[in-house]
Structure formats: structure tokens, C-alpha cells
Amino acid sequence: MQTPPKPDRDEVVHWLHLHVATALSESSEAVDVNVPLTKFDLDSVDSVMMAVDLEKRFSVPVHPELFLNADKSLVEVADLICKTPAA
Amino acid sequence: MQAGTDRDAFSFWEAVPEMLSRTPLCESEQTVVAGIVSRVSVDMARVEGAGGERIGSFLVFNRSGSRRPIFWCFNNWVEPVLLARVLDPEQPLYGMISFSRFVDTWATNIGYMEHLAETYLKALLQIHLPKSPIIAVNCQAAAIAEIMAIRYLEQRGMRPLLLVLEYTLRKRFDGPVFLMFGRQSNYNPFRFARDSVAHSQTLTRNASWGLLAADHGGYFLQLTIARLATFVNDAAAYFSRTGRISSDWPRVEAGEQSSGMTESAA
């Protein structure tokens with residue numbers, strides 16, 4: 001069976017950016033993709049659902065803890081995800 | 001609740017009644033509870049896209065799995081989503097949550113537990129189950145599962161497996177019990193002088209224990225949750241085969257056996 005292609009990093013950053021802005025009910029301009037996720041007012045449900053939706057969208061395994069203990073920025077998260085083999 | 005460093009694990013649960021009260025709520029309390037139930041339901045809707053389906057009060061995963069279902073009372077809706085990802089795919093999981101996030105005090109939370117247990121039990125009893133289920137819980141909500149297990153046995157005449165994480169029993173339950181603790185946790189009664197095995201034997205005739213190499217609050221994190229799932233899967237599989245919990249356990253994970261754990265379970 002052919003392995004699905006790895007997701008495009010910029011596309012993942014864009015998706016995460018919009019997802020966080022939507023969860024926070026903010027404009028995307030108000031969400032800095034280079035600051036740690038802990039700076040945003042995301043709760044554990046937001047975090048877990050972001051991981052679940054990201055898995056579905058890009059067919060990559062994403063553990064929710066990536067967002068639950070979020071000392072990483074959206075760009076750093078995207079980098080990690082794009083290194084993960086596709087499901 | 002905060003775990004003090006030198007506090008006896010048993011003392012965390014002293015406020016939980018040892019007897020069933022069966023006291024109905026007054027009208028104002030019923031109004032408060034209805035409001036909380038509504039908020040719990042709204043909160044559940046936020047995680048429905050994570051693979052679970054809403055069935056009454058429950059968020060259900062792997063509904064068609066072949067194993068006996070687990071009805072687990074969690075602290076929040078994130079925990080069942082995380083646990084369902086690592087449980088055996090044949091293991092149905094019916095998630096429910098306590099009121100802990102919706103009330104201001106521990107005393108209030110305890111005050112509503114009996115009523116909440118009745119509400120969840122009523123929903124459980126509406127589901128056709130050919131064999132008794134597993135009723136599970138973690139930490140502060142444990143009294144809810146304890147009451148549900150006792151009442152299920154009373155009403156159905158079948159013994160469910162009561163599976164608890166970080167809780168020492170408070171009520172007598174004449175059925176199988178599997179108690180799990182973090183080895184480093186202050187809620188682990190085996191770290192303290194009182195005889196935990198003897199204590200449990202006064203309240204149930206078939207108990208066993210599992211000690212995870214983990215601390216309180218870390219059971220649903222990435223590394224520990226897989227090991228927690230192994231304990232749960234094994235206990236569920238054994239109970240499914242035998243209707244009991246294994247007397248060959250206790251199980252102690254990675255590390256020295258704790259004092260008091262050498263004795264075989266009742």
C-alpha cells in the first residue's frame with residue numbers, strides 16, 4: 001500500500017493558525033504563530049479537539065498532549081507534525 | 001483537592017459517607033442539579049467530533065465492541081477521549097463526568113454524588129446488557145461509581161466489576177474490585193502505615209490492586225495512559241472470562257514492591 005505523502009508544513013501552519021483563531025473567536029492577525037500555545041486561552045477540550053481534527057485533516061497521528069502541555073509555538077508544532085510519518 | 005506530602009491516603013476520603021443515604025434532593029437543589037446537568041451536556045457536545053457518540057448521559061466509544069462495557073465516571077470530557085484512543089478496540093467505553101468542574105466546593109460535589117450516581121445508574125439500566133458491566137472511576141468522582149456498583153448489584157442481582165483509580169473504598173460492596181494507584185501518589189494507601197489489604201477486605205470479598213509507576217494527576221498523559229490502559233484491559237478481560245478479579249494479582253509496575261502488597265488478594 002502506498003504511504004500517504006507527508007503534510008505540507010505551510011499548510012499545517014495555516015490550518016493551525018485558523019483553528020486557534022476560531023477557537024479563541026479572534027481574527028487570525030491576533031494569533032501569533034511564533035509564540036508558545038500557553039499564551040493563548042485554550043482549554044483542554046480545545047487542545048484535544050485540535051489534535052483530533054488535525055489527525056483527520058492530514059492523516060497523521062497526533063497525540064493530544066502535544067497541545068495539552070503546549071510550550072511550543074504553532075510553527076514548532078507544525079514542524080513536529082510534518083516529521084511524523086503519515087498514518 | 002491538593003495532596004499534602006505527609007497526609008494519610010485514607011484521610012482524603014473521610015468526607016465521603018460510609019453509608020448510602022437515599023435522601024431526596026429538595027426543590028432548590030433539584031433546580032441547581034438540573035442546571036449543572038445542562039452544562040455537562042453542553043460541555044459534552046464540544047468533544048462529540050472526537051469519535052464518541054452521545055447516548056443519553058453517556059459519551060460512548062467502541063459501542064459495538066465485543067467486551068463487557070466499561071461505564072467510567074471521569075473528571076472531564078477530555079479523559080474519555082484520551083482513554084478510548086488506547087483501550088482495546090473491542091472494549092466499549094461509556095463515559096460520564098462528575099460535577100467537580102461545575103461546583104465550587106468539595107462538600108457540594110460530595111453532596112450531589114448520590115443523586116448523580118442514581119441518574120447515571122438509571123441511564124445504565126436502560127441499556128440491555130446480557131452480563132454485568134464494569135463500573136470505573138478516577139479519584140474525586142469515585143464515590144459515584146461506588147454507589148452505582150452497589151445499587152446495580154441490588155437492582156440486577158449481578159455483580160459488576162468496580163474499577164477505581166486513586167480511591168480507597170468507603171462502602172461495603174459485595175462484588176469484585178480492582179483498585180489502581182500511582183506508586184508515588186499520596187493517594188496510594190500502601191505508602192502509609194494502615195493495612196490497606198485488611199481495610200479493603202472489610203468492605204469487599206474480592207479485591208485486588210495495581211500500582212502504576214506514576215504520580216497523581218498524570219494518568220491520562222501520553223506515557224502513563226498506555227500503561228493504565230493495559231491494567232484496565234487486563235482487568236476487564238479477566239472479569240469478562242470469570243466474573244471476578246484475579247486473586248493472582250496485585251500487579252506492581254516497574255519498581256520495588258510496596259509494603260503491604262506481598263499479601264495475596266482476598
Seminar exercise, completed: Full extension between residue B:125 and residue B:55 adds, at 0.36 nm per residue less the Cα distance, a length in nm of 23.9 nm
Problem set entry | Three-way shape label, segment A:9-83, alpha-carbon gyration tensor, a/c 1.5 | rounded
Problem set entry | Cβ-defined net charge surrounding residue A:25, 12 Å radius [Lys, Arg +1; Asp, Glu -1] | -3
Exercise. Among B:73, A:82, B:26, B:139, which comes first, then next, by fewest other beta-carbon atoms within 10 Å?
Worked result: B:26, A:82, B:139, B:73
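Please compute, for peptide B:83-90, the average count of beta-carbon atoms on other protein chains lying within 10 Å of each residue's beta-carbon. It would help to have the intermediate numbers written out before the result.
On the way: counts 0, 0, 7, 0, 0, 0, 0, 0.
Averaged over the peptide's residues, the number is 1.
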Exercise. Any idea how far apart residue B:29 and residue B:8 come out in nm if each label point goes 7 Å out from Cα toward Cβ?
Worked result: 2.9
Problem set entry | Fraction of beta bridges assigned by DSSP in the protein assembly as shown that are antiparallel (%, nearest 5) | 20
Problem set entry | residue A:26/residue A:57 FRET efficiency (R0 22 Å; Cβ-Cβ; nearest 0.05) | 0.60
Problem set entry | Cα gyration tensor of the protein assembly as shown - equivalent ellipsoid semi-axes, whole Å, descending | 36, 23, 20
For this session: Please report, in debye to the nearest 20, how large the charge dipole of the protein assembly as shown is about its Cα centre when each Lys and Arg carries +1 at its beta carbon and each Asp and Glu carries -1 there.
Result: 1420
For this session: Tell me the Kirkwood hydrodynamic radius of segment B:26-252 in angstroms, computed as one over the mean inverse distance between distinct C-alpha pairs.
Result: 17.6
Seminar exercise, completed: In whole µm²/s, the translational diffusion coefficient that Stokes-Einstein assigns to segment B:195-248, given a Kirkwood hydrodynamic radius over C-alpha pairs, 37 °C and 0.692 mPa s, equals 259
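Any read-out appearing in this document is the output of simple, stated calculations on the displayed coordinates, not a laboratory observation. Here the structure is a predicted model, which means the values were calculated and not measured. Using ideal geometry, Cβ is built from the backbone for each residue, glycine included, and neighbour counts are taken over all protein chains shown.
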